[in-house]
Amino acid sequence: MGIESAAAERKARIAALRALRQAEEAGDQAAIDANAFGRQVKQHFRTSRPPPAGMLASASAQAPMTLEQEVDGMQEQVIQEDTRKQAEELDLTNIAPRRANWDLRRDLDERLARLEPKTQAAIHTLIVQRIRASRDRDEEAANVLVNE
């Protein structure tokens, strides 16, 4: 009997909802007021509690700036900057196209800058060695001439 009574209650609820929907579509306010089903619905929060009433009022009083308020006057600034840039003389170095490998050269220059002191030191060492070698040859040649 429990199943049959539950089914009967469910059918009654469905019929009440159907009648309420038809009354809303027809615009019959008296039928909507007579139907008690719409008044039984209560909002229920399962996962959280609703915020206190005072918090909702304070949040609406301190509304954040809208997008329109944030960008107000920005259009005029952009137009002024654009006209100022157009008035300036064009610099040909800024509009000249770059070579295809400009980024590779930039990266390579950074690496070469670190190696430059070592390169200079190696060149200095080679020059000193050549000077010493030529002095030694000159001294040997002088010794050979003196001994003969």
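FYI, it's all coordinate maths here, none of it is from the lab. Not measured: the values here are computed from a predicted model.
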Practice item. At 0.36 nm per residue, minus the direct Cα-Cα distance, what do GLU116 and LYS85 gain on full extension? Give it in nm, one decimal, please. Key: 7.1 nm
Practice item. Work out from phi, with θ = phi - 60° and the Karplus expression 6.51 cos²θ - 1.76 cosθ + 1.60, the ³J(HN,Hα) of each residue of the stretch 16-23, listed in order in whole Hz, and give x for Gly and Pro. Key: 5, 5, 4, 5, 5, 5, 5, 5
